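Below is one structure, written out as structure tokens, with a few remarks after it.
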């Protein structure tokens, strides 16, 4: 797509976790590259990832924070009455902002923050599109789907009608060649050894930390880059390099050998895109148990083994890790097209 001189104004919303935020950010950055005159309003969840990250990731966006909470399960919980009232109140505030902004369309990527935004867009007669990252449609997207112009989905099984388009999940990808030696930035000296990336999603995971502690007690042959909030826990393991947060984790995924992780939608998409082998430990607290379904879909493709965090077989996990193929020391990641973005852009009628 060549740069367009057309003025483009878009409302974005989606967040709470990286799984909702990063697909929105990926499209947002793509449009910014391809439209000379591009304006963005982003409705973010108060205090969550997207509110904290967006000013750094895309300073041009005008951010409005929305103070709503997701519905408690079961849905008949009396607490939900006040939460629904809050959505209605926030919708009226958002409606005024949208009327003044006059956007061409909205793009919503899930999370409870999107409900009042979607309802406000509908009230203002502004077309909007949804993106669903998981194999099971989330509550917010399910509710808004009847009002959306189109719904982009990441799994064939989620495509239930003609309004739904199989796009895959937009992920962040390097624009440049990445050498395997990039791993040295994170303490990896021996590039001939297997390098495994360990992370528990954008919110980290104590359970994953505990499981990997058992692995590290028995495995000194592999190198690990481990994202954790508990750096102290792993200080005695020389082959384990810990970080509280790495922003461009996708660059490590481009040149490492495999991952041990949760099974969030973005993680699954990245494993596929970077052609990695993965030991997946789904988070049981995920809504509608979608992480387990995500993980099993990857296992069917022969890209993963799935482990239960409540009855982990550490020896089996170590054996799986030791069978992951090691990339050559001079391996180069070559930039490639993120096909999900291409499908989405081709099917947004206002572009």
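In the stretch 106-166, counting only strands (runs of 3 or more DSSP E) that sit wholly within it, none holds 3 or more residues that are under 17 Å from residue 19 (Cα atoms), at pLDDT 95 or above and outside the structural domain of residue 17 (by TED's automatic domain parsing). On the given criteria, is residue 23 over 12 Å from residue 111 (Cα atoms) and either within 19 Å of the chain's Cα centre (by Cα) or assigned by TED's automatic domain parsing to the domain that holds residue 201 (or both)? For residue 23, the condition - over 12 Å from residue 111 (Cα atoms) and either within 19 Å of the chain's Cα centre (by Cα) or assigned by TED's automatic domain parsing to the domain that holds residue 201 (or both) - is met.
Within the stretch 237-267, how many residues turn out to be surrounded by 18 or more Cβ atoms within 10 Å (Cβ to Cβ), within 21 Å of residue 53 (Cβ to Cβ) and touching a residue at least 60 places away in the same chain (Cβ under 8 Å)? Matching residues across the stretch 237-267 total 10.
Would you check if residue 103 is within 24 Å of residue 152 (Cα to Cα) and part of a loop (DSSP other than H, G, I, E, B)? Steps first, please.
On the way: within 24 Å of residue 152 (Cα to Cα): yes; part of a loop (DSSP other than H, G, I, E, B): yes.
For residue 103, the condition - within 24 Å of residue 152 (Cα to Cα) and part of a loop (DSSP other than H, G, I, E, B) - is met.
Taken together, the residues in the stretch 205-222 that are touching a residue at least 40 places away in the same chain (Cβ under 8 Å) and surrounded by 15 or more Cβ atoms within 10 Å (Cβ to Cβ) amount to 8. Annotation: of all residues in the stretch 184-208 being at pLDDT below 95 and assigned to a loop (DSSP other than H, G, I, E, B), the one that is nearest to residue 260 (Cα to Cα) is 200.
Within the stretch 215-231, the only residue that satisfies the criterion of being under 18 Å from residue 282 (Cβ atoms) and part of a helix (DSSP H, G or I) is 215.
The values are calculated or read from the model by the stated rules, or taken from the named source; none is laboratory data. These numbers were taken from a predicted model, which means no experiment stands behind them. Cβ atoms come from the backbone with ideal geometry, glycine included; neighbour counts cover every protein chain shown.
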